[in-house]
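What follows is a set of notes on a single structure, which appears directly below.
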Amino acid sequence: MLSVDELTDRLIDLSFAEDIGDGDHTTLCCIPETAEGASQLIIKEDGILAGIEVAKEVFRRFDPTMQVEVLINDGARVKKGDIAMVVRGKIRSLLQTERLMLNIMQRMSGIATMTDKYVEKLKGTHTRVLDTRKTTPGMRMLEKQAVKIGGGCNHRIGLFDMILLKDNHVDFSGGIANAINRCHDYLKAHNLELKIEIEVRNFDEINQVLATGGVDRIMLDNFSVEDTKKAVDLIAGRYETESSGGITFDTLRQYAECGVDYISVGALTHSVKGLDMSFKAC
């Protein structure tokens, strides 16, 4: 399996390949090869900054001679007009790295900002907000990193680091007990130690899980607030609980006050607005 750094390197290489192709002819035609200068990252909207460390890697991989002066670090609250970093080096390099750096930083900062709002909404409860696998292809590691920078928690990274028995797995397996038992047989046969979560759609399925046992967390899928409270009371002390499906920012607190341990929110990554910023000569 590729490491986070290796996946990031591949993303950067692919992004340069699709953007620059056989050359940035606009820059090459009007900027002398030896010309040097500096650009600054200007924040144009209040939020949480994320992606500085990835931006440094973008510059380093494209041109190791570029010098990055970081003025504001990942996780900091920023406001309109702040200068987050200054980059010095060849002007050609500044211009050719600008868009990729901004694409990454704007999206990561938007995710961190959105996550921070959800985390603030949950203050005073023990409930934690989770991301999902509803991420941009190729950018999952960066987007999940942004969730953590914003104060949220990562669910599983992919299909490889946790067992999550969803409704289709249960239905294709012939029921709750079959799905759980086959899961344990598989883990034993492959000498794997992975946490097991199972999705339930109603109280009958909750009771089947409680009768079967052998899981770490129960996901309550599309339960109402009232039913979530009843379900948490039923499960309490035996397994972790997670609410998912149909939960909005406005109803988030109501679900948390039911005592659920986690709430998973796909909107943290799948429909977030990037944080506005620009990279200008200084």
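Ignoring ligands, DNA and RNA, please state the percent of accessible area on the chain from carbon and sulfur, probe 1.4 Å.
With neighbouring chains kept in place, the figure for the chain is 49 percent.
With the crude spin-label approximation of a point 7 Å out along Cα→Cβ, what separation in nm comes out for E57 versus D24?
Label-label distance for E57 and D24, simple model: 2.1 nm.
Express the accessible area of the chain per residue in Å², computed with a 1.4 Å probe while the remaining protein chains stay in the model.
In whole numbers, the chain has 50 Å² accessible per residue.
With angles folded into 0 to 90 degrees, how steeply does helix 91-121 sit against the dominant principal axis of the chain? Use alpha carbons for both and round to 10.
With both axes taken from Cα atoms, the answer is about 30 degrees.
If we sort 144-151, 244-251 on the protection proxy, mean other Cβ atoms within 10 Å, highest first, what's the order?
144-151, 244-251
Which residues does the label zone of D171 cover in the stretch 213-240, counting backbone N under 17 Å from a point 7 Å along Cα→Cβ?
Correct set: 221-223.
Relative contact order for the stretch 53-137 using alpha-carbon pairs under 8 Å, separation at least 6, rounded to a whole percent?
25
What is the extension gain from N202 to V4, computed as 0.36 nm multiplied by their sequence separation minus the C-alpha to C-alpha distance, in nm to one decimal?
Separation in residues times 0.36 nm, less the Cα-Cα distance, equals 67.5 nm.
If you average the sequence gap of Cα pairs under 8 Å that are 6 or more apart and divide by the length of the chain, what percent do you get for the contact order?
Normalised by residue count, the contact order of the chain is 23 percent.
Suppose each label sits 7 Å from its Cα in the direction of the beta carbon; what would the S224-N103 distance come out to in nanometres?
Taking the simple label geometry, S224 and N103 are separated by 4.6 nm.
Report the gain in length on full extension from K280 to F16: 0.36 nm times residue separation, minus Cα-Cα distance, nm rounded to one decimal.
Length gained between K280 and F16: 93.1 nm.
Given the options Y255, Y118, Y186, which has the most mean-square fluctuation in a GNM of the chain, springs set between C-alpha atoms less than 10 angstrom apart?
Checking each option, the largest mean-square fluctuation is seen for Y186.
Sort 42-52, 8-18 for me by packing, meaning the mean count of neighbouring Cβ atoms within 10 Å per residue, highest on top.
The packing order, highest mean first, is 42-52, 8-18.
Going through the cross-link list K117/K144; K44/K123; K80/K148; K56/K273; K195/K229, which pairs have a Cα-Cα distance over 19 Å in this structure?
Listed pairs above 19 Å: K44/K123; K80/K148; K56/K273; K195/K229.
Starting from the stretch 170-255, pick out the trypsin sites (Lys or Arg not before Pro) whose DSSP state is loop and whose Cβ has at most 14 other Cβ atoms within 10 Å.
Taking the stretch 170-255 and a limit of 14 other Cβ atoms within 10 Å, the loop trypsin sites (Lys or Arg not before Pro) found are K195, R238.
The values are calculated or read from the model by the stated rules, or taken from the named source; none is laboratory data. Everything numeric here is computed off the predicted structure, so don't read it as measured data. For neighbour counting, all protein chains shown are included, and Cβ atoms are generated from backbone atoms with ideal geometry for every residue, glycine included. Surface areas here come from the heavy atoms of the whole protein model, side chains and all, with no ligands, DNA or RNA. Shrake-Rupley method; radii C 1.70, N 1.55, O 1.52, S 1.80 Å.
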